[in-house]
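These notes are about the structure you will find just below.
The values are calculated or read from the model by the stated rules, or taken from the named source; none is laboratory data. Being a predicted model, the structure only gives us computed values, none of them experimental. So basically every Cβ, Gly included, is an ideal-geometry build from the backbone, and we count neighbours across all protein chains shown. With ligands, DNA and RNA removed, areas are computed over all heavy atoms of the protein, side chains included. Shrake-Rupley method; radii C 1.70, N 1.55, O 1.52, S 1.80 Å.
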Amino acid sequence: MAVQHTAPAESARASLFYDPKIRGIFFQLLLIAALIFFGYQIVTNTVANLERQNIASGFAFLDTTAGFGIIQSLIEYSEESSYGRGLVVGFLNTLLVAFIGIILATVLGFVIGIARLSQNWVISRIAYVYIEIIRNIPLLLQIFFWYFAVLRAVPNPRDSIELPGSIFVNNRGVFAPRPVFESGSGLAGIALLVAIAAVFFIKNWAHRRQETTGQQFPVFWTAVGLIVGLPLIGLIVTGFPVGVDYPALKGFNFVGGVKVTPEFMALLLALSIYTASFIAEIVRAGILAVSHGQTEAAHALGIRNGPTLRLVIIPQAMRVIIPPLTSQYLNLTKNSSLAVAIAYPDLVSVGGTILNQTGQAIEIIGIWMVVYLSLSLLTSAFMNWYNQRMALVER
Amino acid sequence: MSTTDYAYVRTEMADEVPPPASEVGVLGWLHKNLFSSWSNTLLTLIGIYIVWLLVPPVIEFAFVNAVWTGENREACLAPPDSNVHMGACWAYVKAYLPQFIYGRYPDAERWRVNLVFFLFAIGLVPMLMPRVPFKRANIIYMLGAFPVVGFILLTGGDFDLSGFVFSESTASFWIEYLILTVVLAGVAFGIAKAGATDPKPMVISVLAGMAVIAAVLFLVSVDFGLAVVETEVWGGLLVTLVIAITGIVASLPLGIAFALGRRSKLPIIRLVSIIFIEFWRGVPLITVLFMSSVMLPLFLPEGVTFDKLLRALIGVALFAAAYMAEVVRGGLQAIPKGQYEGAQALGLGYWKMMGLIVLPQALKLVIPGIVNTFIGLFKDTTLVLIIGLFDLLGQVQSSYTDPTWSTPTQSHTGYMFAALVFWVFCFSMSRYSIYMEKRLHTGHRR
């Protein structure tokens, strides 16, 4: 006999409140109400505060003349340029240091990560000590160390350290010769482009040939030969229309050549050395994640050590490595904002100067946030795409 | 059938021959790990060369040529017309040590900082040792009693409640607080009635909560006779630890809340959590600190001001919370669906399911990630020097302006000292996390 369960009479009244759906809606409405109230408070307070301080909001200040100099800029900039152009200069400087930093950190990180796994005891110990020391010391401290203790401590321009190839190091920066391309060197440039295109074509062709016939083609050495050779031929044909602009000591400082500021050097060194220690751990974890059976299977197939690493281990390890590597790249880009501490003119540093001059706090901080957020989102979008391409294709 | 006596089969064991000398002992180890092949030997030599390049100069600088005692810069300067390279000037660190620890905290009041350090240590040490009993009391001490006592000791207490929110005088504040309590208890009573449950426990928990807050407010407002020390004069290790510990304590529950929010089925709560997390994770900490130091005052009504240190604390805590949320979310995702379903099948509600079943397992899984976030936060405290607070690194940096100790080796020595302090803290945190990870690694051991 089935027993019919009858609910007590009161719970019919209570059921509305205990219905998870209705409760969910209630709490969400509560959250929205709280957020709206919060937002309203912030906006009214801000408007009142700005009025009291006589600060006009809006982005009109971007067209005003900046009136301050910037020690390093990729585009033309002078004290007469506008605040907006100053911010662009800062943004480009951020991109520059982040881009070179990412390349250096990746190379160094991979080398140290692989060294950490080396059979050689000395090498793996050195890598271990490097990682444990560098990643447990604050980045800002490292930037200060490179800037104030190392690069500021080198001699002044009169007693510059001269390195081979007319490179001068002093406390104003590093000065190196700069190639000057005169008319006629365009041919060499075209030759370089042709060489790159040819390499792509040869790579595809070699791949197809190996698929069908099994024969291999020395793609790498051909590529090196083409990329070095063709422009060289171009230069020889046109009779070397390339001059060199050597740095020379004039008065108190060097003139000519390429100048790398100590601020840039310090930031770049600190960022890439610091981030490399994290990348090394990521690489190590990635390689360890590939099971040893893969190596053994490759050896059983008669593949030698080098190709095993290149064709079997690394491609599989990359799947594990890429997601955390992406976040390290993002961290490096965001950490480049520490430039403000040593006055390397990046986005935050230039923005801070403008903020102090104009008092447009909300606009400047808004620009920072938008720029960094979109950099973050762009990088993660690109990396997600790459990650999907590399991901294991399962049934 | 007959057994044939094969003369060429041995009947007794051969004597054991010792392994070749190149395979055992020091020699074997050396051969296997350092000189197994030509390339390996070359790597070893390169490695030894790198060590030889780096280690002797550092040791020479830090110990051999170092100056340990002295009154001023004269002691650390190389004698004129000599090519002697002077080493680290530890005498300068010794002279500046009080500043590095307390900042400009008044000399007469430094015992209070020491007392807070001591109270913190006696709470922390037994909490970190798994075998010590009374964990619950310990946690109540660390999260309840210590923060209040530490706050009163460091700031001096004696807060004026009349400036608080709406009230004009202390008496009116307490009257308003009483009214608020009664209203809240009434609301709780109403909700319980509407839910047709016994209103008693709900009202009692509201009253108890309000009583605890009242006790804290009362303690903070009492004049214990301690001199008030403004946060502007705090500095050095004190500020570093205050920011790091407050950030760690605040970011964990906040992070868990946002992680749960991001995994919630309620769309608006999920959306708000995602926006919050992605926003803070997408911007550098410096802009957050600028925001909290420049923009936050604009958001507040006229007349309400926040302490500079408190503003930095809010920024750091929110920033760390977003990172913590992602770490915790990773743990939540790693818990198999069966655990959620099992908890629901037992009739547990959402909070009980999360609190008793899912979170304990999830948090255990992500201990390395949590500690990594803590270490990151500890290192990031150095950034407050950019908005004008003097943490340990800020104190070291500002000590360079003092001509009494200005020598060519001063900055190297200062950075070495600061690096050592930070390194000891971060390295011990990471070692402890490895230890805890091993200890808690019970369920998944194979």
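Plugging the Kirkwood radius over Cα pairs into Stokes-Einstein for chain B, at a temperature of 25 °C and a viscosity of 0.890 mPa s, what D comes out in µm²/s?
Values: Rh = 27.5 Å.
In µm²/s, the coefficient rounds to 89.
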When ranked by the protection proxy of mean other Cβ atoms within 10 Å per residue, highest first, what sequence do the peptides B:32-38, B:393-399, A:311-317, A:38-44 form? B:393-399, A:311-317, B:32-38, A:38-44
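Across peptide B:415-426, what mean number of C-beta atoms from other chains lies inside 10 Å of a residue's C-beta?
Numbers: counts 9, 2, 0, 5, 8, 1, 2, 4, 8, 1, 1, 5.
Partner-chain Cβ atoms within 10 Å, mean over residues of B:415-426: 4.
In nm, what is the difference between 0.36 nm times the number of residues separating residue A:311 and residue A:158 and their Cα-Cα distance?
Working: separation 153, 0.36 × 153 = 55.08 nm, distance 5.26 nm.
Result: 49.8 nm gained on full extension.
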Show that you can apply the helix-only estimate: for chain B, add -39,500 (n - 2.57) for every DSSP H stretch of four or more residues, divide by all residues, and state [θ] at 222 nm to the nearest 500. -20500 deg cm²/dmol
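Using only helices, what value at 222 nm comes out for chain A when you add -39,500 (n - 2.57) per DSSP H run of length 4 or more and divide by the total residues, to the nearest 500 deg cm²/dmol? Could the numbers behind the result be given before it?
On the way: 12 runs with 244 residues, N = 395.
Rounded to the nearest 500, the figure is -21500 deg cm²/dmol.
How much net charge surrounds residue B:142 when only other residues with a Cβ under 15 Å from its Cβ are counted (Lys, Arg +1; Asp, Glu -1)? If you can, show how the numbers build up before the last one.
Numbers: positive: B:135, B:136; negative: none.
In short, +2.
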Name the residue, out of B:286, B:335, B:191, whose mean-square fluctuation peaks in a Gaussian network model built on chain B with Cα pairs under 10 Å. B:191
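With the Cα gyration tensor of the protein assembly as shown in hand, convert its eigenvalues to equivalent ellipsoid semi-axes via √(5λ) and list them largest first in whole Å. Each step should come with its number before you reach the end.
Details: eigenvalues 518, 344, 219 Å².
Semi-axes, largest first: 51, 41, 33 Å.
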Spelling it out for residue B:77: with amide H atoms placed in the peptide plane at 1.01 Å from N, the residues 5 or more places away or on another chain with amide H under 5 Å from its amide H are none
Give the separation of the Cα centroids, region B:368-442 to region A:165-186, in Å. 39 Å
Amide H to amide H under 5 Å from residue A:245: which residues, 5+ apart in sequence or cross-chain, H placed 1.01 Å off N in plane? A:178, A:180
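Leaving out ligands and nucleic acids, and using a 1.4 Å probe, what accessible area per residue does the protein assembly as shown come to in Å²?
On the way: 47830 Å² over 841 residues.
That works out to 57 Å² per residue.
Starting from 0.36 nm per residue, how many nanometres of slack lie between residue A:111 and residue A:26 once their C-alpha separation is accounted for?
Values: separation 85, 0.36 × 85 = 30.60 nm, distance 5.54 nm.
Contour length minus Cα-Cα distance gives 25.1 nm.
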Could you give log10 I(q)/I(0) at q = 0.10, 0.20 Å⁻¹ for region A:221-316, computed by the Debye formula over C-alpha point scatterers of equal weight, without solvent? -0.69, -0.99
Within the protein assembly as shown, the cysteines whose Cβ lies no closer than 4.7 Å to any other cysteine Cβ are B:426
Amide H neighbours of residue B:391 under 5 Å, counting only residues 5+ apart in sequence or on other chains, H built in-plane at 1.01 Å? B:236, B:385
For peptide B:296-303, how many partner chain Cβ atoms fall within 10 Å of a residue's Cβ, on average? 5
Mind listing the phi-derived Karplus ³J(HN,Hα) values for region B:228-235, rounded to whole Hz, using 6.51, -1.76 and 1.60 with θ = phi - 60°, and x for any glycine or proline? 6, 10, 5, 5, 4, 8, 5, x
Measure off, as a whole percent, the carbon and sulfur share of the 1.4 Å-probe accessible area of chain B, all protein chains present. 70 percent
Roughly how far apart, in whole Å, are the Cα centres of region B:182-224 and region B:2-72? 70 Å
Taking the highest mean first, how do the peptides A:226-233, B:123-130 order by number of other beta carbon atoms within 10 angstrom per residue? A:226-233, B:123-130
Considering only A:65, A:379, A:46, give the residue with the highest GNM mean-square fluctuation for chain A, with springs between Cα atoms whenever their separation is below 10 Å. A:46
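How much net charge surrounds residue A:281 when only the other residues with a Cβ under 13 Å from the Cβ of residue A:281 are counted, with Lys and Arg +1 and Asp and Glu -1? Write out the running numbers ahead of the final one.
Working: positive: A:116, A:135, A:284; negative: A:132.
With Lys, Arg at +1 and Asp, Glu at -1, the neighbours total +2.
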Read phi for every residue in region A:74-79 and hand back ³J(HN,Hα) as whole Hz from Karplus 6.51 cos²θ - 1.76 cosθ + 1.60, θ = phi - 60°, with x for Gly and Pro. 7, 10, 5, 8, 9, 5
Per principal axis, largest first, the Cα atoms of chain A extend in Å by 101, 74, 44
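Per 0.36 nm of contour for each residue apart, how much would the distance between residue B:307 and residue B:192 grow if the chain were fully extended, relative to their Cα-Cα spacing? Before the final figure, lay out each step's value.
Working: separation 115, 0.36 × 115 = 41.40 nm, distance 3.96 nm.
Computed gain between residue B:307 and residue B:192 is 37.4 nm.
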Solvent-free Debye scattering, log10 I(q)/I(0), computed from the Cα coordinates of region B:1-146 at q = 0.12, 0.18, 0.20 Å⁻¹: -0.93, -1.07, -1.19
Average partner chain C-beta neighbours within 10 Å, per residue of B:49-55? 2
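Nearest 100 Å² is fine: what is the total accessible surface buried where chains B and A meet, probe 1.4 Å?
Details: alone 27730 and 24890 Å², together 47830 Å².
Interface area, both chains combined: 4800 Å², rounded to the nearest 100.
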Using the Karplus equation 6.51 cos²θ - 1.76 cosθ + 1.60 (θ = phi - 60°), what ³J(HN,Hα) coupling, rounded to whole Hz, does each residue of region B:135-148 give in order, writing x for Gly and Pro? 4, 5, 4, 4, 5, 4, 5, 5, 9, x, 6, 4, x, 5
Rounded to the nearest Å, the spacing of the alpha-carbon centers of region A:58-121 and region A:238-268 is 19 Å
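For chain A, which whole-number percentage of the solvent-accessible area (1.4 Å probe, protein heavy atoms only) is attributable to carbon and sulfur atoms?
Percent of accessible area from carbon and sulfur atoms in chain A: 66.
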Under a GNM of chain B (C-alpha, springs under 10 Å), which listed residue has the highest mean-square fluctuation: B:200, B:94, B:265? B:200
